[in-house]
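Structure record follows, encoded as structure tokens.
Only the coordinates and a few stated rules stand behind these numbers; no lab work does. Here the structure is a predicted model, which is why all the values come from computation and not from measurement. Note that each Cβ is placed from the backbone with ideal geometry, even for glycine, and that neighbours are counted across all protein chains shown.
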């Protein structure tokens, strides 16, 4: 983390655009992962799931990073001029002038605060509910959790796709894709679950979660398998339509990505689709920690690279290699993330004590 | 039914598991367990090996994917290469949806067939295992080989102990199981009578509509009778001489006289210049080269593969001096085996193709 910090400052001095693009890359990446904790909890609450209670303390710990990533993303506002072309629209650019009612700096800031406000509010609400439930018990807290989860899911569906337009898609303000929000969302889900799985495996290996068995791993494996295919499906749906219709105003998005980053472009498909797909295909592989770790690592790296490929070609017009700035910042934020997560996990029993479905998770077979 | 087997009937799956454990511990051979719904962990409990169906599914899926890939590659690059919107013949991204569908299809059919083969089933075959209808209702049945002598008494003792232990008097050993509840069977004819009583012979009365919602439109149907003028339909004939927007009329009919007349009278509204000829060339390469060939020498890919008989070459005696009007007429209505192209190329585009074809005629 310290080394990362040093590299970050080095980056800030040398190259502004590179610094801010990697700031956005890593800030957004860890925002997605932190947010996936809330999504994980609310989805399982609404589905009346019981098995996830064995690991539900881990997404709750991940959420704790959300306020920090909010600060990181708000600091990004200092660098909008370097990143977002729409902050300085040229005369005669009718497309961008037509979009100014949405893409203007004050409204951009308001939206960013709004998104983070909503996400942090609901995330902490869910954490507080589970803390209170642990102290007091009773079903009322779970009912509350269901209520807040339901509202959150609806708001999340809207805000997550709007946030991905704002922060990532507007890097290419002339281009748009109606699938973009879902594409980012699928990446959020699969990389978040990969991080949760890695944390569960780490804690399990070190004996902090003796109640976990291979049935729980099987479910996490199914998630990884299913959602990595889902991500590929959305990736391909977006790509195929643009490739097939071959209209210049749409292909302008893929052309620099395929021409300037030929290796990376196909590498993300290998890392995010081929490896998890082939490794996790059989039932036994989904129940095996070794295979899970391989595919989680592949997905975590793969989605970071995917995000790099969404951001870098839009900011720079020629090929730019991944440098100290990106990796240093990833190390720095990653270290911070680990610090926050493990600090909130340490010294506690990692079970939601009075959760009404807790008993179910011990008798779970899948 | 022979008395080879015995059945033990349970009321819920928790008791069933206890029973299975007890029987396996005492070395009774369980033939089958029948349940009203899939019970998690049951196959593991009675010591079944993992099914081979997933492997079959994987192999069939892989065969399907390869079939989809190679078949499309063969069709689009070798057998019948066609241009779709200027894409390369080997357009891999567009193969993917079909490959995916083939994978799913082969995998699903393969698994069904493997399942039928393994269970020795085919349509209309009687199920070889015994039918125990109560297991489709609410009861769980263990079927086991009927033990002999001492073991039989042991079994009865065990079941009695289980009854007491689980406090469940409904657990029972049975040689033959009752099939249908008689009261329910009596209801079956009643249901038939109810069903048939709803049939009517009167075809004028269509019966009752349940939630017609948006079946009846408020607007007039296109070909319905006109309420203002009963003799006519709602659809109106356009005024004489009207044409669709941005449509250029072509006065010569699709007859031999029309062909000759067009050759004499038709004048290309576009004057020949390099831009039009170049655009005409692009259109020619999209629609015509597959038969006519790059230079109009009748050596297109479909002709060379003998999918189509060769059209006359542009350098042949008939076509060398062909006037613009006849070329335009042929493109519009088609000629011999060539189909009409008016629906694919607009009037302007056809004019450009004519210019390009004429440039080929001059070159040769």
- The residues A:102, A:86, sorted from fewest to most surrounding Cβ atoms within 10 Å, come out as A:102, A:86
- Message: Full-extension gain between residue B:225 and residue B:321, please, as 0.36 nm times their residue separation minus the C-alpha to C-alpha distance.
- Response: 29.1 nm
- For the residues B:48, B:105, what sequence is obtained by ranking on other C-beta atoms within 10 Å, fewest first? B:48, B:105
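Return A:320, A:195 ranked ascending by Cβ neighbour count within 10 Å, so the fewest neighbours appear first. Please list the in-between numbers first.
Values: A:320 19, A:195 24.
By the 10 Å Cβ count, ascending, the order reads A:320, A:195.
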- First measure r as the distance between the Cβ atoms of residue A:245 and residue A:104, then evaluate 1/(1 + (r/R0)^6) with R0 = 25 Å and state the FRET efficiency to the nearest 0.05. 0.25
- Using alpha-carbon pairs under 8 Å, 6+ residues apart, how would you state the relative contact order of segment B:217-274 in percent? 16
- Springs between alpha-carbon atoms under 10 Å, Gaussian network over chain B: tell me which of B:233, B:272, B:174 tops the mean-square fluctuations. B:233
- Message: What is the distance in Å between the Cα centroid of segment A:60-131 and that of segment A:273-344?
- Response: 23
- With runs of 4+ DSSP H residues as the only contributors, calculate the mean residue ellipticity of chain A at 222 nm using -39,500 (n - 2.57) per run, divided by the residue total and rounded to the nearest 500. -24500 deg cm²/dmol
- Task: At 7 Å along the Cα-to-beta-carbon direction for both residue A:237 and residue B:195, put a label point, then send me their distance in nm to one decimal.
- Result: 4.1
- If a/c stays under 1.5 just call it rounded; otherwise compare a/b with b/c (prolate if a/b is bigger, oblate if not). Do that for segment A:160-313, with a ≥ b ≥ c from the square roots of the Cα gyration tensor eigenvalues. prolate
- Over all distinct Cα pairs, what is the inverse of the mean 1/r for segment B:256-363, reported as the Kirkwood hydrodynamic radius in Å? 13.9
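Taking Cα pairs under 8 Å and at least six residues apart, what relative contact order does chain A come out at, in percent?
This gives 34 percent for chain A.
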- Approximate spin-label separation residue B:256-residue A:363, in nm, with each point projected 7 Å along Cα-to-Cβ: 9.1
- Query: Across segment A:180-254, how large is the tail of the calculated P(r) beyond 19 Å, expressed as a percent of all Cα pairs?
  - Reply: 51
- Consider a paramagnetic label point 7 Å from the Cα of residue B:164 along Cα→Cβ; state which residues of segment B:1-37 have an amide N under 18 Å from it. B:19, B:22-23
- Hey, could you get me the Stokes-Einstein D for chain A, Kirkwood radius over alpha-carbon pairs, 4 °C and 1.567 mPa s, rounded to whole µm² s⁻¹? 61
- Determine the shape class of segment B:244-286: with a ≥ b ≥ c the square roots of the Cα gyration tensor eigenvalues, call it rounded for a/c under 1.5, and otherwise prolate if a/b is greater than b/c, oblate otherwise. prolate
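Which whole-number percent is the relative contact order of segment B:256-363 (Cα, under 8 Å, 6+ apart)?
36
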- Note on the structure: If one compares the long axis through the Cα atoms of helix B:324-333 with the longest principal axis of the Cα atoms of chain B, the angle in degrees, nearest 10, works out at 20
- What's the angle, to the nearest 10 degrees (0 to 90), between helix B:182-197's Cα axis and the longest principal axis of chain B? 30
- According to a simple spin-label model (label point 7 Å from Cα along Cα-to-Cβ), what is the distance in nm between residue B:217 and residue B:94? 3.4
- Angle between chain A longest axis and helix A:66-75 axis [Cα atoms, degrees, rounded to 10]: 10
- Message: Under the rule a/c < 1.5 gives rounded, and otherwise a/b versus b/c splits prolate from oblate, where does the protein assembly as shown land using the Cα gyration tensor?
- Response: oblate
- Query: What's the FRET efficiency of residue B:272 with residue B:245 using the Cβ-Cβ distance as r and R₀ = 25 Å, to the nearest 0.05?
  - Reply: 0.35
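Let's test the formula: R0 of 60 Å, r as the Cβ-Cβ distance of residue B:87 and residue B:29. What FRET efficiency results, to the nearest 0.05? Kindly include the intermediate steps, with their values, before the conclusion.
Numbers: r = 63 Å, r/R0 = 1.05.
Working from the Cβ atoms, E equals 0.40.
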